[in-house]
1. So, of the residues in region 260-269 that are surrounded by fewer than 20 Cβ atoms within 10 Å (Cβ to Cβ) and either without any contact (Cβ under 8 Å) to a residue 60 or more places away in the chain or touching a strand residue (DSSP E or B) at 6+ places or on another chain (Cβ under 7 Å) (or both), which turns out to be nearest to residue 341 (Cα to Cα)?
2. Considering only residues that are part of a loop (DSSP other than H, G, I, E, B) and either in contact (Cβ under 8 Å) with a residue 24 or more places away in the chain or on the phi > 0 side of the Ramachandran plot (or both), which ones fall in region 273-287?
3. Residue 257 versus (1) closer than 30 Å to residue 326 by Cβ; (2) surrounded by 13 or more Cβ atoms within 10 Å (Cβ to Cβ): which is the lone unmet condition?
4. Looking only at region 250-272, which residues are farther than 12 Å from residue 188 by Cβ and part of a helix (DSSP H, G or I)?
5. Hey, which of the helices (runs of 4 or more DSSP H) in region 116-232, taking only ones fully inside, have at least 2 residues that are more than 30 Å from residue 347 (Cα to Cα)?
6. Return the residue satisfying two criteria in turn: it lies in region 89-113 and is within 30 Å of the chain's Cα centre (by Cα) and surrounded by 10 or more Cβ atoms within 10 Å (Cβ to Cβ), and of such residues it is nearest to residue 365 (Cα to Cα).
7. Could you say whether any residue in region 347-357 is surrounded by 15 or more Cβ atoms within 10 Å (Cβ to Cβ), in contact with a strand residue (DSSP E or B) (Cβ under 7 Å, 6 or more places away or on another chain) and in the same structural domain as residue 216 (by TED's automatic domain parsing)?
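The values are calculated or read from the model by the stated rules, or taken from the named source; none is laboratory data. The shown structure was predicted, so the numbers you read here are calculated from the model rather than taken from an experiment. Note that each Cβ is placed from the backbone with ideal geometry, even for glycine, and that neighbours are counted across all protein chains shown.
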């Protein structure tokens, strides 16, 4: 008996099976074993299987890769049964759900179909009080289903009887501009205030944002007239003290002086009274190369120059401090000059059909919720 035990100790415990790898399995395991992006546990298991297929014992494999030899045996057996898929962790059931589908559906119906008695909208706490579900759980369900009762989005539907025709006309110019012609989106940004901050700004730093004082002094206003070139992204701009038809007509003359005479010009305008003044219409009628396209009522979003107005407001006006209107105008002129040196057109992708379909869905949603 002693002799038999000594013999076992000398030769080691016999293997129950040998791992035989196919060429595909060996290639895949080598990729996993050398990976620096896969989970470390999966890399270790792939290394263990490769070493085992090369004939090493579990104890030696464990010492090389940092696993206990029982774990090496465990993953050997898993691989023998399930091959490569066996090296992944099995999904775990996790803690049982506290609230079933009916409770979740009741919570969502409460938020989406009703209003609280003492408020205009539901909050996490009011929903938790109403349903008996904890605040943290309500918050998780809000995030999971994208429910945001504290937020609103503004909208307005156009009442223009020719809405469809005008949308197709304007969008057609964006998606398929005519040859030997310019498409200019024209409008004015009125009443831009020259505001001087009463105290210096606090500089931006690590861990805190730039500080801007609430107090300011008004030094007058200016109106920015702009024509955005849809094809190139260039902007023709002028600042004027007022925004009457006289100033708009002067800006049209400025456009005329800066556009080559051989090009046809398509002007996209809104229906502001200044743009339809009799003297403006007479000036355009005497120049047949100009063609005017009006956007529908309440549809300023269809005019691309409005997006450019947003850019100049964000980058040059809103956070500025101006002691005079002249300083404000100089800042605007400088921004326009620099913008035109590296201008690129906006990428318009919406078709007329997609816009009309979205408006139709919005109208149906409004009709479905109206009382």
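1. Start the filter on region 260-269 by keeping residues that are surrounded by fewer than 20 Cβ atoms within 10 Å (Cβ to Cβ), which leaves 260-264, 267.
Filter once more, so that each one left must be either without any contact (Cβ under 8 Å) to a residue 60 or more places away in the chain or touching a strand residue (DSSP E or B) at 6+ places or on another chain (Cβ under 7 Å) (or both): 260-261, 263-264, 267.
On the way: 260: 19, 261: 23, 263: 22, 264: 24, 267: 23 Å.
The residue in question is 260.
2. Here is the first cut: in region 273-287, the residues part of a loop (DSSP other than H, G, I, E, B) are 277, 286-287.
Residues satisfying the conditions are 277, 287.
3. With respect to (1) closer than 30 Å to residue 326 by Cβ; (2) surrounded by 13 or more Cβ atoms within 10 Å (Cβ to Cβ), residue 257 is out only on (2).
4. From region 250-272, those farther than 12 Å from residue 188 by Cβ are 253-268, 271; that's our starting set.
Result: 253, 254, 255, 256, 257, 258.
5. Working: elements: 124-131, 135-145, 163-175.
Helices (runs of 4 or more DSSP H) meeting the threshold: 124-131, 135-145.
6. If we filter region 89-113 for residues that are within 30 Å of the chain's Cα centre (by Cα), which is where we start, we get 104-105, 107-113.
Restricting the remaining residues to those that are surrounded by 10 or more Cβ atoms within 10 Å (Cβ to Cβ) gives 104-105, 107-112.
Values: 104: 24, 105: 21, 107: 22, 108: 18, 109: 17, 110: 19, 111: 17, 112: 13 Å.
The qualifying residue nearest to residue 365 (Cα to Cα) is 112.
7. Among the residues of region 347-357, not one is surrounded by 15 or more Cβ atoms within 10 Å (Cβ to Cβ), in contact with a strand residue (DSSP E or B) (Cβ under 7 Å, 6 or more places away or on another chain) and in the same structural domain as residue 216 (by TED's automatic domain parsing), which makes the answer no.
For (1) in the same structural domain as residue 29 (by TED's automatic domain parsing); (2) under 24 Å from residue 30 (Cα atoms); (3) out of contact with any helix residue (DSSP H, G or I) (no Cβ under 9 Å at 6 or more places or on another chain); (4) modelled with pLDDT of 90 or more, each residue gets a yes or a no:
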| residue | (1), (2), (3), (4) |
| --- | --- |
| 54 | yes, yes, yes, no |
| 58 | yes, yes, no, no |
| 64 | yes, yes, no, no |
| 73 | yes, yes, no, no |
| 80 | yes, yes, no, no |
| 83 | yes, yes, no, no |
| 92 | no, no, yes, no |
| 96 | no, no, yes, no |
